[in-house]
Amino acid sequence: MNRFLHNHLFRSVLSLNRALWTRNFPSNRRGFSDLPESWKSMMGLVRCPANDVPLSPISFLERTAKVYRDTPSIVYGSMSFTWEETYDRCLKLASAMTQLGISSGQVVATLAPNVPAMYELHFAVPMVGAILCTLNARHDSSMVSVLLRHSEAKIIFVDYQLFEVACEAIQLLERGDSEPPKLVLILDSEHGSSPASLSSNVYEYESLIASGSCDFEVRKPKSEWDPISINYTSGTTSMPKGVVYSHRGAYLNSLATVLLGGMGSMPVYLWTCPMFHCNGWCLTWGVAAQGGTNLCLRKVLPKTIFENIALHNVTHMAGAPTVLNMIVNSQVSDRRLLPNKVDVLTGGSPPPPQVLAKMEEMGFRICHLYGLTETYGPGTYCTWKPMWDGLPSNERSRIRARQGVHHVGLEEVDVRDPVTMASVPADGKTMGEIMFRGNTVMSGYFKNQKATEEAFKGGWFHSGDAAVKHLDHYIEVKDRLKDVIISGGENISTVEVETVLFGHPSVLEAAVVARPDDHWGETPCAFVVLKEGCNVTAQQLIDYCRDRLPHYMAPRSIIFQDLPKTSTGKVQKFILRERAKAMGSLS
């Protein structure tokens, strides 16, 4: 809605108020002297540029470039920049993009790991008024081609290690009727890449920045509801789903994530969470708001994590539970003593309490988050209460594993019956679907009105996650609705079974899915990865579970094999379900 329309509506409201006042107070038909003072004070209000500026994360960088101008912004190996330098580079990059024909409302894609260019593009693209689309760096050329076509990206920034994937994707586009995007190659002097002869339709990142101007006039959003990014949750050749974020939502969720992560001024943030995933949980923008230092990592490995913590005094990091599992099961030779407590934001899938307990023992402080791509990443967190400090370690970890309550940027989160939309009782037993509403819920799915309407049915965003609500209104995820196993009429939470399996000293990873059963309909089937050097039989694990769970919940089959995962560490259970189905029914 433009400002003219806002002012028109405001004047209309005032006119309506005058009409109501004169109708209700006949003596005031010639004046307003006898009206209540609180009513008369409304007459002087006005909405104008002095008190109405659209919210946008761009403002974080603009402020930080002044307040923290000489402090480190980005560190990558031996390369480092200050916030003033980062601001200038973003301006020049934005300027250069306009010279390539990029304009407001157009989509700019990326295909890269956590390198400095990825961070800079989170500001430079919105500065042009364009929409950032960060593609999963683990996609193959076929999927990249599908998403480029769907997003209608006009330009794609590609890391040198993924150059062939991008070129093959563009070739697939050229075979169809889609106009291929311009390609900008991101080289990496830190890891041995060097400029090569590029074709006329390929640009080089640093050369492109050099061609831009620091005098570029930033194109702020006309409305804070303007889109700032598109994040694809998943995609097939027929129906990719692109989640649209607004400047307003990104601004609010950035601040909310900073608050719940306990980030004070000038944090040192280690990038173990992919920037292409929910824009790094909005911390690409949030770290800038606090004048922090971004430590970029090309590859996440335990040794690299510990080295960076020791070298740079890392204060914060984030990642899926698989990253935590990687740390607690790392080689002793890869570890370093922590120079200080490191706050770790974790989420993406329910973390096993055993892993949380081990992280705590190693000197990390865990903040458990929960959300979806559709909620800009984090939507809830397990707010810690001092009364829990005195509990035994296993009890503290059990509480930390809950998904908690909504953060300050959201209006409300609840567990509701997906059919009746009634709120489930706070008894810790009755399962329902987690639902959200508020300013940090997506604008909708890009070019998919039907899916958007379905997701917002009943005035709430439907997460698809099954959960219970405890007496203190902390929510606890039990499963994805589609992953709940129904065995003989009983609902089985795969998360509960996995938690028990994680408690076995030989188990490194575990995932439970439904396997067809001729008698019970479905029974739990566990896919397990053992720790190096450990040996345990399937029957021993089944017996271990039966000693700790009702027998109907214990797995009836155990398969020892690696787990298929997404690039963000989530187990791809749909693949495991197909494998379990292919094994046939249990009699």
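Name, by its number, the condition in (1) surrounded by 17 or more Cβ atoms within 10 Å (Cβ to Cβ); (2) farther than 18 Å from Asn325 by Cβ; (3) not charged (D, E, K, R) that does not hold for His519. (1) is the only condition that His519 fails.
Looking across the range 63-94, the residues that are under 16 Å from Glu120 (Cβ atoms), assigned to a helix (DSSP H, G or I) and touching a residue at least 40 places away in the same chain (Cβ under 8 Å) come down to Thr64, Trp83, Asp88, Arg89, Leu91, Lys92, Leu93, Ala94.
Apart from one condition, Tyr160 fits all of (1) among the aromatic types (Phe, Trp, Tyr); (2) more than 24 Å from the chain's Cα centre (by Cα); (3) within 23 Å of Glu217 (Cα to Cα); the exception is (3). More than 18 Å from Val125 (Cβ to Cβ) and modelled with pLDDT of 95 or more: which single residue out of Ala256, Ala196, Ala250 fits that description? When all the criteria are applied, what remains is Ala256. Answer yes or no: is there a residue in the range 61-78 that is of a type outside the set (Lys, Arg) and modelled with pLDDT under 95. Taking every residue of the range 61-78 in turn, at least one turns out to be of a type outside the set (Lys, Arg) and modelled with pLDDT under 95. For the range 321-347, a residue qualifies if it is part of a loop (DSSP other than H, G, I, E, B), of a type outside the set (A, V, I, L, M, F, W, C) and out of contact with any Lys or Arg (no Cβ under 6 Å at 6 or more places or on another chain), and the qualifying residues are Asn329, Ser330, Gln331, Arg335, Arg336, Pro339, Asn340, Gly347. Could you tell me whether the range 449-460 includes any residue that is buried (at least 20 other Cβ atoms within 10 Å of the Cβ) and in contact with a Lys or Arg (Cβ under 9 Å, 6 or more places away or on another chain)? Yes, some residue in the range 449-460 is buried (at least 20 other Cβ atoms within 10 Å of the Cβ) and in contact with a Lys or Arg (Cβ under 9 Å, 6 or more places away or on another chain). Report yes if Ser56 is farther than 23 Å from Gln290 by Cβ, crowded, with 17+ Cβ neighbours inside 10 Å and either out of contact with any strand residue (DSSP E or B) (no Cβ under 6 Å at 6 or more places or on another chain) or modelled with pLDDT of 50 or more (or both), otherwise no. No: the conditions fail for Ser56.
Can Met387 be described as among the hydrophobic types (A, V, I, L, M, F, W, C), at pLDDT 90 or above, touching a strand residue (DSSP E or B) at 6+ places or on another chain (Cβ under 9 Å) and not in a strand (DSSP E or B)? For Met387, the condition - among the hydrophobic types (A, V, I, L, M, F, W, C), at pLDDT 90 or above, touching a strand residue (DSSP E or B) at 6+ places or on another chain (Cβ under 9 Å) and not in a strand (DSSP E or B) - is not met.
Within the range 297-306, is even one residue under 19 Å from Gly348 (Cβ atoms) and either in contact with a Pro (Cβ under 6 Å, 6 or more places away or on another chain) or in the same structural domain as Val571 (by TED's automatic domain parsing) (or both)? No, there is no match, as no residue in the range 297-306 is under 19 Å from Gly348 (Cβ atoms) and either in contact with a Pro (Cβ under 6 Å, 6 or more places away or on another chain) or in the same structural domain as Val571 (by TED's automatic domain parsing) (or both).
In the range 105-151, the residue that is nearest to Phe276 (Cα to Cα) out of those that are modelled with pLDDT of 95 or more and among the β-branched types (Val, Ile, Thr) is Thr134. Filtering Ser333, Ser349 for residues that are free of Cβ contacts under 8 Å to residues at least 60 places away in the same chain and small (Gly, Ala, Ser) leaves a single hit, Ser333. Note on the range 224-247: among residues that are modelled with pLDDT of 95 or more and in a loop (DSSP other than H, G, I, E, B), the one that is nearest to Gly105 (Cα to Cα) is Asp226. Being part of a helix (DSSP H, G or I), surrounded by fewer than 20 Cβ atoms within 10 Å (Cβ to Cβ) and charged (D, E, K, R) is a property that Glu179 lacks. Before we move on, is Ile309 buried (at least 20 other Cβ atoms within 10 Å of the Cβ), in a helix (DSSP H, G or I) and touching a helix residue (DSSP H, G or I) at 6+ places or on another chain (Cβ under 9 Å)? Spelling it out, it is not the case that Ile309 is buried (at least 20 other Cβ atoms within 10 Å of the Cβ), in a helix (DSSP H, G or I) and touching a helix residue (DSSP H, G or I) at 6+ places or on another chain (Cβ under 9 Å). In summary, strands (runs of 3 or more DSSP E) completely within the range 472-587 and bearing 1 or more residues that are more than 24 Å from the chain's Cα centre (by Cα) occur at 485-487, 490-492, 507-517, 521-530, 557-560. Residues that are closer than 22 Å to Gly363 by Cβ and among the aromatic types (Phe, Trp, Tyr) within the range 277-311 comprise just one, Phe306. Could you tell me which residue of the range 102-126 is surrounded by the fewest Cβ atoms within 10 Å (Cβ to Cβ), considering only residues that are in a loop (DSSP other than H, G, I, E, B) and in contact with a strand residue (DSSP E or B) (Cβ under 8 Å, 6 or more places away or on another chain)? Out of the qualifying residues, it is Gly105.
Trp388 falls short on exactly one of the conditions (1) in contact with a helix residue (DSSP H, G or I) (Cβ under 8 Å, 6 or more places away or on another chain); (2) buried (at least 22 other Cβ atoms within 10 Å of the Cβ), and that condition is (2).
Can we say Thr315 is touching a residue at least 60 places away in the same chain (Cβ under 8 Å) and at negative phi? Taking the combined requirement at face value, the residue does not satisfy it.
The values are calculated or read from the model by the stated rules, or taken from the named source; none is laboratory data. What you are looking at is a predicted structure, and each value in this text was computed from that prediction instead of being measured. All Cβ positions, glycine included, derive from the backbone under ideal geometry; neighbour counts span all protein chains shown.
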